[in-house]
Amino acid sequence: MEHQGSFDSWWGSTALCNTKYCSQAEYYSTYDISREEFLKFSFKNGFNKGDLMVLVGKEPKDINTGDIIVFQGNRQDPVIHRVIKKWHQDDQYHFQTKGDRNERSYHEVRETDITEERIIGTATARIPFLGWIKIIFVNIINILR
């Protein structure tokens, strides 16, 4: 979710539209998300590695495009990405996300069809740098193993 440089330089950075390279602007436009709409999203400038994100529970019906959700993917650590698509099917809500810095949504982390039960929470605030305590602690534990 990190953005390098200004919003405008990130908005023009590389993404992957189907099988050809495009800009982030072109990628988001395929999901009917304009620059103006994106600028209204929370965390429009992303956040940084080491930021501690404050999460709250939210009813799936109240999660919207642009919200940042934390969900269980196919790895041990949860994933935190922005909702770019929402739909209702089989009596439950489904979501697709994309990390702002990523070129596309990844099937590998199962972010193209996230069902309600996989959602852990929605990011509402960030505390810069406080997450580095956990990162350092986990790295020390991994070294000692």
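Brief remarks follow.
- Net length gained if the chain between Tyr31 and Lys44 were fully extended (0.36 nm per residue, minus Cα distance): 3.0 nm
- Cβ-to-Cβ counts within 10 Å put Leu16, Leu144 in ascending order as Leu144, Leu16, the fewest first.
- The distance linking the stretch 55-74 with the stretch 1-42 is 20 Å (Cα centroid to Cα centroid, whole angstrom).
- Spin-label model distance (nm) - Cys17 vs Arg101, 7 Å beyond Cα toward Cβ: 2.5
- Cβ-derived FRET efficiency at R0 41 Å, Thr124 paired with Ser6, nearest 0.05: 0.95
- Taking a ≥ b ≥ c as the square roots of the eigenvalues of the alpha-carbon gyration tensor, the chain is classed oblate because a/c is 1.5 or more while a/b is no larger than b/c.
- Residue-count net charge about Ile127 - beta-carbon cut-off 14 Å; Lys, Arg +1, Asp, Glu -1: +2
- Electrostatic tally near Val109: other residues with Cβ closer than 13 Å to its Cβ, Lys and Arg +1, Asp and Glu -1, net +1.
Taken together, the values in this text are just the output of simple stated rules run on the coordinates, not laboratory data. In this text, all values refer to a predicted model and were calculated from it rather than measured experimentally. For neighbour counting, all protein chains shown are included, and Cβ atoms are generated from backbone atoms with ideal geometry for every residue, glycine included.
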